[in-house]
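Trainee: For reference, the structure I am asking about is given below.
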Amino acid sequence: MIPIVDLKRQYKQTGAEIEKAVVDVLRSGSYILGPNTKALEQEFAQYLGTKHAIGLNSGTDALHLALRALDIGKGDEVITVAFTFVATTESIEIVGATPVFVDIDPDTFNMDVTQIESKITPKTKAIMPVHLYGQPANMEVIMDIAKRYNLYVIEDCCQAIGAEFKGKKVGSFGDIGCYSFFPTKNLGGMGDGGMAVTNSDYLKDRMTALRNHGGAVRYHHDEIGVNSRLDEIQSAILRVKMNYIDEWNKMRREVAHRYTELFKGYEDVQTPKELDDTYCVYHQYTIKVPNRDEVQKMLQENGVGAMLYYPIPLHMQKVHAHLGYKMGDLPKTEYDTQHVMSLPMFAELTFEEQKEIVQKVKDAIEKCKASASC
């Protein structure tokens, strides 16, 4: 079986360093907001080119507390997309605000920036673009719109550590950038974890207080907060992995380019497009195929861990039924969620494995085309 991701291979490269780092934390007796978390925050901010980084316990909390820090809540609207993980919109509804969906650009799976202005109302407070699968959204246009309409921008970078738009890393454009360290991410911990970045001293102080029960000083609580502190052990692990992130992203890009070359000329597979002036980090390599569900099932049965991510768009999920969306409202989103499939993608994937995967994809498509059941 070729899995969608193989963390054991990565561990072979980093395991000795990680084990030493974890043991050092265990021996230190400092387990919450210790020196590793403080150092990781500094290193992460420096890597992204932002002034501050705030360690949190998940990417979901990064999005949630970003909205809290910007005082977005009941009666406010946040423009975003329905083709993403539920954490994006979950964070919006947790604070009492309303997600407003725009359709996607089918070439990038990201927000169709030409639709944003038509969705702006007096209730709109922010735009939340998602850099899906590691592909940067068009931050130049988004920031221009936000400036003209006096809107906040919260970047969902949970799949896009190291991705760039016009030479600048995503997460550093908006008011706050949000990251996830879920184990399968390009920069993954060995448990949950997250980070928010900002250039604002005020937002840094606000999110730091919110993550620690709403107080900047111990036992002094200015507002209702949460307990969302990045674990010291995870910070130590992530500091080791930070040394490899550019190398791993480069290797992912090489894997992606090999896939694209192997599929070249095969018209039944639409490979992902990387736009000019972007640096995609390929959290996933996602293709469009006919008879997607049947093809994916055949691949799974034949030893290829192809995955369907977000097969039900968020505007059609029960959790958002009260918003009143219906099928046909976001046609490009709906089409792509029915046709996309992600292939195994990790830095250590070999060329021989890729050739096997591509051949099995082609075989499954051809078999399905010849079968009445498809």
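The values are calculated or read from the model by the stated rules, or taken from the named source; none is laboratory data. Here the structure is a predicted model, which is why all the values come from computation and not from measurement. Cβ coordinates were reconstructed from backbone atoms using ideal geometry, including for glycine residues, and neighbour counts include every protein chain displayed. Side chains are part of the model used for accessible areas, which takes the heavy atoms of the whole protein and leaves out ligands, DNA and RNA. Shrake-Rupley method; radii C 1.70, N 1.55, O 1.52, S 1.80 Å.
Trainee: Collect the residues in the range 305-335 that are under 29 Å from Met345 (Cβ atoms), among the charged types (D, E, K, R) and either open to solvent by 60 Å² or more (accessible area, probe 1.4 Å) or not in a helix (DSSP H, G or I) (or both), keeping them in residue-number order.
Mentor: Correct list: Lys332 only.
Trainee: Out of Ala196, Ala126, Ala163, which single residue is in contact with a Leu (Cβ under 8 Å, 6 or more places away or on another chain) and closer than 30 Å to Gly15 by Cβ?
Mentor: Within the list Ala196, Ala126, Ala163, the selection yields Ala196.
Trainee: Select from the range 36-61 the residues that are in contact (Cβ under 8 Å) with a residue 24 or more places away in the chain and open to solvent by 70 Å² or more (accessible area, probe 1.4 Å) and list them in ascending order.
Mentor: Lys51
Trainee: Restricting attention to the range 318-335, does a residue exist that is at pLDDT 95 or above and closer than 30 Å to Ile245 by Cα?
Mentor: Narrowing the range 318-335 to residues at pLDDT 95 or above: 318-335.
Restricting the remaining residues to those that are closer than 30 Å to Ile245 by Cα gives none.
No, there is no match, as no residue in the range 318-335 is at pLDDT 95 or above and closer than 30 Å to Ile245 by Cα.
Trainee: Please go through (1) touching a residue at least 12 places away in the same chain (Cβ under 8 Å); (2) closer than 20 Å to Gly225 by Cα; (3) open to solvent by 50 Å² or more (accessible area, probe 1.4 Å) for Ala69 and return the number of the only condition it doesn't satisfy.
Mentor: Condition (3) is where Ala69 drops out.
Trainee: Moving on. Considering only residues that are closer than 28 Å to Lys166 by Cα, open to solvent by 70 Å² or more (accessible area, probe 1.4 Å) and free of Cβ contacts under 8 Å to residues at least 60 places away in the same chain, which ones fall in the range 271-302?
Mentor: Of everything in the range 271-302, just one residue is closer than 28 Å to Lys166 by Cα, open to solvent by 70 Å² or more (accessible area, probe 1.4 Å) and free of Cβ contacts under 8 Å to residues at least 60 places away in the same chain, namely Asp276.
Trainee: Something else about it: Just to be sure, is Thr278 in contact with a Phe, Trp or Tyr (Cβ under 8 Å, 6 or more places away or on another chain) and closer than 29 Å to Tyr244 by Cα?
Mentor: Yes.
Trainee: Select from the range 88-101 the residues that are farther than 16 Å from Leu330 by Cβ, in contact with a strand residue (DSSP E or B) (Cβ under 8 Å, 6 or more places away or on another chain) and aliphatic (A, V, I, L, M) and list them in ascending order.
Mentor: Answer for the range 88-101, where residues must be farther than 16 Å from Leu330 by Cβ, in contact with a strand residue (DSSP E or B) (Cβ under 8 Å, 6 or more places away or on another chain) and aliphatic (A, V, I, L, M): Ile92, Ala97.
Trainee: Can you name every residue in the range 223-243 that is part of a helix (DSSP H, G or I) and either under 25 Å from Gly134 (Cα atoms) or β-branched (Val, Ile, Thr) (or both)?
Mentor: Those that are part of a helix (DSSP H, G or I) and either under 25 Å from Gly134 (Cα atoms) or β-branched (Val, Ile, Thr) (or both): Ile233, Gln234, Ser235, Ala236, Ile237, Leu238, Arg239, Val240, Lys241, Met242.
Trainee: Restricting to the range 173-202, count the residues that are open to solvent by 10 Å² or more (accessible area, probe 1.4 Å) and either within 14 Å of Ala69 (Cβ to Cβ) or in a strand (DSSP E or B) (or both).
Mentor: Let us first name the residues in the range 173-202 that are open to solvent by 10 Å² or more (accessible area, probe 1.4 Å), namely 173-175, 180, 182-185, 190-192, 199-202.
Subsequent filtering for residues that are either within 14 Å of Ala69 (Cβ to Cβ) or in a strand (DSSP E or B) (or both) retains 174-175, 180, 199-202.
Selection size over the range 173-202: 7.
Trainee: Filter the range 203-222 down to the residues that are outside any helix (DSSP H, G or I) and of a type in the set (D, E, K, R) and list them by number. Walk me through how you get there before you give the answer.
Mentor: The first filter runs over the range 203-222 and keeps only residues outside any helix (DSSP H, G or I), leaving 211-222.
Passing the criteria: Arg211, Arg218, Asp222.
Trainee: Then there's this: What residue, among those in the range 104-149 that are hydrophobic (A, V, I, L, M, F, W, C) and under 16 Å from Glu274 (Cα atoms), is surrounded by the most Cβ atoms within 10 Å (Cβ to Cβ)?
Mentor: Among those that are hydrophobic (A, V, I, L, M, F, W, C) and under 16 Å from Glu274 (Cα atoms), it is Ala137.
Trainee: Is there any pair with a first residue in the range 304-332 that is on the phi > 0 side of the Ramachandran plot and a second that is polar (S, T, N, Q) and assigned to a loop (DSSP other than H, G, I, E, B) whose Cβ atoms are under 8 Å apart and which are 6 or more apart or on different chains, and what are they?
Mentor: Tyr310/Thr84
Trainee: For the range 74-103, give me the residue count where each residue is within 20 Å of Gly174 (Cα to Cα), open to solvent by 10 Å² or more (accessible area, probe 1.4 Å) and without any contact (Cβ under 8 Å) to a residue 40 or more places away in the chain.
Mentor: Adding up the residues that qualify gives 2.
Trainee: May I ask you to list the residues in the range 259-270 that are open to solvent by 70 Å² or more (accessible area, probe 1.4 Å) and more than 23 Å from the chain's Cα centre (by Cα)?
Mentor: Passing the criteria: Glu261, Lys264, Gly265, Glu267.
Trainee: With (1) assigned to a loop (DSSP other than H, G, I, E, B); (2) at pLDDT 95 or above as the list, and Glu43 as the residue in question, which single condition is left unmet?
Mentor: (1) is the only condition that Glu43 fails.
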